[in-house]
Amino acid sequence: MLFGEAGPLGGAAWTAPTVRSGWLQGLRSLAQHPSALLFLADCGAVDTIFSLQGDSSLFVASAAGQLLVHILALAMQSPAEGHPSPQGCDWPACAQKIVCHVEDSLHSTATPQVTQALNVLTTTFGHCHGPWTQGLWVRLSPLVACLLEKDPIPASHSLMDLLLSVARSPVGSSDCGLWETLAQTLSHLSPIQAGPLALGILKLQDCPQALKTQAFGVLLQPLACVLKAAAQSPGPPGFPEGATGDSMTVDTFLSSKSACVGLLCQALAHLELLQLLPQRPSPWPQAPLLRAAVAILRFCNGSAAPTSDVGGHLCAVLAGCVRVQRAALDFLGTLSQGTGPQELVTQVFAVLLEYLTSPDSSPTVQVLKKAFQATLRWLLGSPKAPSCCDLDPHTQLFLRELLPVLRKRLCSPCWEARDSGLEFLTQVTRHWGGQAAFRHALLASEVPELTRQLLRDPESYVRASAVTATGQLSSWGLYTTPTSPEHPEVQQESLFTELLHILSTDSEGFPRRAVMQVFTQWLKDGHADVAEDLEQFVARVLQVASRDLDWEVRAQGLELALVFLEQLLGHPGSRCPYAVALPEAAAPATLAQVLQALCRVQLFEFALRALFDCDRPVAQKSCDLLLFLRAKATPCGGPQEAGASPDVVSVEAALQRWQAGEQGQPLGELEPEAVMAVLRSMDLEGLRGTLAKSSDHIEKSPQSLLQDLLASVGVLGENEADCY
């Protein structure tokens, strides 16, 4: 039988979620045809879909709700139906049945049924924009509004989703009481429930100003309570009218630690998102928000001096709370995009310094990392000194206080602290490497030497971060090769030699990948160690990279090879102003000279071997590199093919061995003519097409996927039925 008490299949197979889901998908395909509507209404399929809305499988329940929306939309858009009236007296049978079911569910005292109805309506207004949706809302909105009269409000999250979905639809632009319903909902919900709805309202493009003011006040109320609790003297917190902490918000703060923490974190996250939106409220209360963020951080680290019972409670609840600290530091970092009085900015830097200095800033849960990130954002947003391109005096003062703290973190016994400090140093150097005040302060500190020492850190993540930091310092001329204490006249090995040693010997992949990224950037920038002997630099790096077992290192080697090729052809990348630049006046080399240089650094052998790399990204990069070179060489009348010369024969033989998986002996320095002859004879376009296909493109048929499913669960009769 098709439908029945045991399910549409009439047997035990209906108990399998995959069977029920497959049946729903089949009905969805059937419902694409208008002629199927009569079948769906008369044969009991819709009743079965109603029951599946409450299925134990969330996937099945969701699919059932989506299918109801699909059937409703198809029925209402049928050309034969014209424009159905809002009252529903002339709606198709399918639509009548679905809407009546939704009405019954909204009347239900069972929250799950109310949730199902609200979810169906949310999907309907989110995907259906025909004129009939306005009539649907006129018919159902009184039932939705009645939900606000219940205590507690059933399915509050689903109710908020529905109201926002309607507001974003064409129905929202008509005067149908929607805005009043939204305002009532905001006032009826608890502070923790109202936050997401308030943020959703503020994201709307068209919304009454009074409703936006109410919504903004909801988001600001928790921070207004914090400011009031932290105030040393009475006075308004500086937020807009309606944002003062009400009794319900205070009660939430005092009810439990989890409620207090949850409300604060939610408010901070929502305001952080709102700060970045073009439709954020104007004027934006930057100063009180800064004061609130600083106050929260001080409640957390115990440096606040509360003068009220609420303040004392916040001190006890928030002390050492990692979750609130992370949220507050993220929000404080976002506020760096605005401006504020210098007094407040000084307070911001002071509390950030407290967090960077405090041993309680647990790096394992990223509080220290968040503090570094917020500090970086405030430093980079600092104003320049008047009539000068350098940093303003307040920032320079903070920098002098910050560097000793950074030095301490680089010596921390906790590897996460060392790693966070190195990441901060890399970022601030990347942006401030040319600022005289920063250069002077950094060179006067021990930070560059400590960074070099961390190249030998026992933790691979730290070694990788140290590689990146030293590379950045060196690019800006902020890294000098130290001398031996016993023999000051004798310099130790160069940074290039030390990084090359890491690339050759480090047992972990992260530091080796970092070295390759640094070398590639040095090549782009015309770094001093590169300009000294360009070809030797490239040859030594490629020689080591070609033997690396990490595919990302080999792929980065091909990226470096491409940069080298582009520079030889006269298309160099951007360079750092403090690096030793390659000669700008030199004209691009002739094609013959380019090919000879590529042969001298053995780039061709590296790239040709990589064509048959077992890791597809490496082979793809190699193929792209060789295609680029061949395209540049062909229109320029490059060297002619060398026929069956010994070099051509040896290269072709090597390619066959590499394709078969053999290593073979190095080819040595090749003749350009032989290399170009081999490249012209290869079907690189065909190889690129093959590599572009996914590895399972041959086995992506439904039959193959079914076999994979059966293999993953075991070939049992019931599982086999489920898969089918």
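The values are calculated or read from the model by the stated rules, or taken from the named source; none is laboratory data. Just so it is clear, the model here is predicted, and its values are computed rather than measured. Quick reminder, even Gly has a Cβ in these numbers, built from the backbone with ideal geometry, and neighbours come from all protein chains shown. With ligands, DNA and RNA removed, areas are computed over all heavy atoms of the protein, side chains included. Shrake-Rupley method; radii C 1.70, N 1.55, O 1.52, S 1.80 Å.
Mind checking whether some residue in segment 488-497 is open to solvent by 30 Å² or more (accessible area, probe 1.4 Å), under 23 Å from Glu566 (Cβ atoms), in a helix (DSSP H, G or I) and at pLDDT 90 or above? No, segment 488-497 has no match at all. When residues in segment 103-139 are screened for being part of a helix (DSSP H, G or I), more than 21 Å from Gly54 (Cα to Cα), of a type in the set (Gly, Ala, Ser) and under 36 Å from the mean Cα position of the chain (by Cα), 1 of them pass. The number of residues in segment 242-261 that are surrounded by 14 or more Cβ atoms within 10 Å (Cβ to Cβ), out of contact with any Phe, Trp or Tyr (no Cβ under 6 Å at 6 or more places or on another chain) and at pLDDT 85 or above comes to 2. Scanning segment 221-241 for residues that are modelled with pLDDT under 75 and under 19 Å from Pro196 (Cβ atoms) yields nothing. Within the option set Val515, Val553, Val544, Val618, being among the β-branched types (Val, Ile, Thr), open to solvent by 10 Å² or more (accessible area, probe 1.4 Å) and at pLDDT 90 or above holds for one residue only, Val544. Just give me the residues in segment 413-442 being polar (S, T, N, Q) and open to solvent by less than 20 Å² (accessible area, probe 1.4 Å), in sequence order. Across segment 413-442, the qualifying residues are Ser420, Thr426, Thr429. Of all residues in segment 148-179, those that are open to solvent by less than 20 Å² (accessible area, probe 1.4 Å) and not in a loop (DSSP other than H, G, I, E, B) total 14.
Among the residues of segment 456-464, are any under 22 Å from Asp525 (Cβ atoms) and touching a helix residue (DSSP H, G or I) at 6+ places or on another chain (Cβ under 7 Å)? Scanning segment 456-464 turns up at least one residue that is under 22 Å from Asp525 (Cβ atoms) and touching a helix residue (DSSP H, G or I) at 6+ places or on another chain (Cβ under 7 Å). Condition check: open to solvent by 60 Å² or more (accessible area, probe 1.4 Å), modelled with pLDDT of 55 or more and not aliphatic (A, V, I, L, M). Does Gln640 satisfy that? So Gln640 does not fit the description; no. For the criterion of being of a type in the set (Val, Ile, Thr) and modelled with pLDDT of 90 or more, Val317 fails.
Conditions (1) modelled with pLDDT under 95; (2) open to solvent by less than 70 Å² (accessible area, probe 1.4 Å); (3) among the acidic types (Asp, Glu); (4) farther than 23 Å from Arg456 by Cβ, marked per residue:
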residue	(1), (2), (3), (4)
Leu499	no, yes, no, no
Ser507	yes, no, no, no
Asp525	yes, yes, yes, yes
Glu532	yes, no, yes, yes
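Flag set for Leu189, criterion: of a type in the set (A, V, I, L, M, F, W, C), in contact with a helix residue (DSSP H, G or I) (Cβ under 7 Å, 6 or more places away or on another chain) and either under 30 Å from Pro306 (Cβ atoms) or open to solvent by less than 10 Å² (accessible area, probe 1.4 Å) (or both). With the requirement that a residue be at pLDDT below 90 and either open to solvent by less than 20 Å² (accessible area, probe 1.4 Å) or under 18 Å from Gln342 (Cα atoms) (or both), what does segment 265-311 give you? Within segment 265-311, just Gly311 meets the criteria. Among all positions in segment 582-595, there is at least one residue which is modelled with pLDDT of 85 or more, at negative phi and open to solvent by less than 60 Å² (accessible area, probe 1.4 Å). If you filter segment 108-147 down to residues that are open to solvent by 20 Å² or more (accessible area, probe 1.4 Å) and of a type in the set (A, V, I, L, M), you find that the one that is farthest from Pro191 (Cα to Cα) is Val138. Filtered by the rule that a residue be of a type in the set (A, V, I, L, M, F, W, C) and farther than 25 Å from Gln77 by Cα, segment 106-135 gives Ala110, Val114.
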